Amino acid sequence: MERIPPELLQKYLQGKCTPEESERVDAWYAAFDKAADDEHLPDIQQREELRQRMIARIKNNLADIGQLPPEKKNPSNIYSTFYKAAAAILALAVVGLGIILQRKDKVQTIPVVKANLITLRNTTTSILRKELADGTTVWLKPESYIEYPDRFSGAVRTIQLKGEAFFDVAKDRHRPFIVTTCNVTTRVLGTSFNIKAYQDASTIEVSVMTGRVAVQMKPKDTTDSSSVFLTPNERVTYVKSENKLLKETPAQLPELAMWQQATIVYDNVPVRSVLRMLEEKFYVNIQVKNANLNNCLIRADFTNQNLADILELLSRSIEATYELKDNTIYLDGEGCVE
């Protein structure tokens, strides 16, 4: 629809328009099929003046029809005139109410159910596991937090992350899962990936284990690509100072190693042997703070478990705790006597 400048509307109100300018304003009203634009209608007084003037023009048009000789009262012409009049009246109704009232009406008539936002902070030294309402599982590392709704009721599933977490997203083709971190958004339908986004760090890293992930920067002036797509074993690094995304496909992604699922069965195996097996399988370094822990015997079946879940189950079985610092895991507890 053509945009009518306020100056032309003012001329129209003052009756100073040329016939061509008047037709232009009339056509604008006739094409008004959705809502008025405040830029076209600067204030309430002008809206009312326009409304009154357009009504007068419609009445004049209808009066002209009544004065036509019978032979010139073509039904198609009359229909056309009434159609234009109806269109103008419809537009005037919108103008009279104003776009603010129209929006207010929408808010009043369409119920909006807002989900409660939950903030989950990991203040421990171990990895915190959380299952969201849609079935997505999040493993939250120490000194990290997520903010998420108690239920996902909209067209997208959005959460906010600060720190580091691994996500195993429940598939939903109709509702993308979006993680916002600083100046970066990560969008998926169903996949597993790791995000490292500590507030004081100079970079943000997104690493994909399964599926396909879209990583995008918020709009800013940049000469680099604003978004990239990642597939398994790919990583993108967002450099904050340069506001750019750097995609890479390294030979290994250490940050994903502990999230690979494995099946390991232990049958009365000493803890020292279990820890060595876990180190080799997941490429980590595990230390015990109390040597007596090495004497405990483990009998367990870890089927399709990642390292975080195995550590949690292992700690419970021997009444121990574990602490994650950088790339080293420290196991502590009373242990067992030989």
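The values are calculated or read from the model by the stated rules, or taken from the named source; none is laboratory data. It should be emphasised that the depicted structure is a prediction, and the values quoted were computed from it without experimental measurement. Cβ coordinates were reconstructed from backbone atoms using ideal geometry, including for glycine residues, and neighbour counts include every protein chain displayed. Please note that ligands, DNA and RNA were not included when accessible areas were found on the heavy atoms of the full protein model with its side chains. Shrake-Rupley method; radii C 1.70, N 1.55, O 1.52, S 1.80 Å.
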For the stretch 203-338, what is the accessible area per residue in Å² when the probe is 1.4 Å?
-> 56 Å²
Measure off 7 Å from each Cα along the Cα-to-Cβ vector at Thr210 and Asn183, then give the distance between these two points in nanometres to one decimal.
-> 3.4 nm
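Give me the dipole magnitude in Debye, nearest 20, for the stretch 227-338 about the Cα centre, with unit charges on the beta carbon: positive for Lys and Arg, negative for Asp and Glu.
320 debye
Carbon-plus-sulfur fraction of the accessible area of the stretch 150-267, 1.4 Å probe, in percent? If you can, show how the numbers build up before the last one.
Numbers: 2800 of 5920 Å².
Solvent-exposed carbon and sulfur of the stretch 150-267 make up 47 percent of the total.
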Ellipsoid equivalent to the stretch 217-323 - semi-axes via the Cα gyration tensor, in Å | 40, 14, 11
Under the Karplus relation 6.51 cos²θ - 1.76 cosθ + 1.60, θ = phi - 60°, what is the ordered set of whole-Hz ³J(HN,Hα) values for the stretch 130-146, x standing for Gly and Pro?
-> 9, 9, 7, 4, 8, x, 5, 10, 10, 10, 9, 7, x, 6, 10, 8, 10
Any idea how far apart Asn327 and Glu131 come out in nm if each label point goes 7 Å out from Cα toward Cβ?
-> 3.3 nm
Between Ala201 and Tyr283, 0.36 nm times their residue separation minus their Cα-Cα distance comes to what?
-> 27.1 nm
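Between Arg24 and Gln261, 0.36 nm times their residue separation minus their Cα-Cα distance comes to what?
On the way: separation 237, 0.36 × 237 = 85.32 nm, distance 6.87 nm.
Computed gain between Arg24 and Gln261 is 78.5 nm.
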FRET efficiency, Gln160 to Arg272 (Cβ-Cβ, R0 30 Å, nearest 0.05) = 0.15
Let me know the charge dipole size of the stretch 158-273 about its Cα centre in debye, to the nearest 20, where only the beta-carbon of Lys, Arg (+1) and Asp, Glu (-1) is charged.
-> 340 debye
What residues have an amide H closer than 5 Å to that of Ala300, excluding those fewer than 5 places away on the same chain, when H is modeled at 1.01 Å from N in the peptide plane?
-> Tyr266, Asp267, Asn268
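Local charge sum around Val265 (other residues, Cβ-Cβ under 11 Å, Lys/Arg +1, Asp/Glu -1)? Display every interim value, and only then the final one.
Values: positive: Arg299; negative: Asp267, Asp301.
In short, -1.
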Give a residue-ordered list of calculated ³J(HN,Hα) values for the stretch 147-164 (Karplus: 6.51 cos²θ - 1.76 cosθ + 1.60, θ = phi - 60°; whole Hz; x for Gly, Pro).
-> 10, 8, x, 5, 8, 9, 10, x, 6, 10, 10, 10, 9, 10, 10, 10, x, 9
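From the square roots a ≥ b ≥ c of the eigenvalues of the alpha-carbon gyration tensor of the stretch 173-260, which class results: rounded (a/c under 1.5), prolate (a/b over b/c), or oblate?
Working: a/c = 1.65, a/b = 1.24, b/c = 1.34.
Since a/c reaches 1.5 but b/c is at least a/b, the shape of the stretch 173-260 is classed as oblate.
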Relative contact order computed over the stretch 205-275 (Cα-Cα under 8 Å; 6+ residues apart), in percent = 27 percent
Roughly speaking, what is the stretch gain from Glu319 to Thr119, that is 0.36 nm per residue apart minus the C-alpha to C-alpha distance, in nm to one decimal?
-> 69.1 nm
Put +1 on the Cβ of each Lys and Arg and -1 on the Cβ of each Asp and Glu in the stretch 238-338; which of Phe302, Leu246, Thr263 then has its Cα farthest toward the positive end of the dipole?
-> Leu246
Express in Å², to the nearest 10, the accessible area of Arg272 obtained by rolling a 1.4 Å probe over the protein heavy atoms while all chains stay in place.
-> 100 Å²
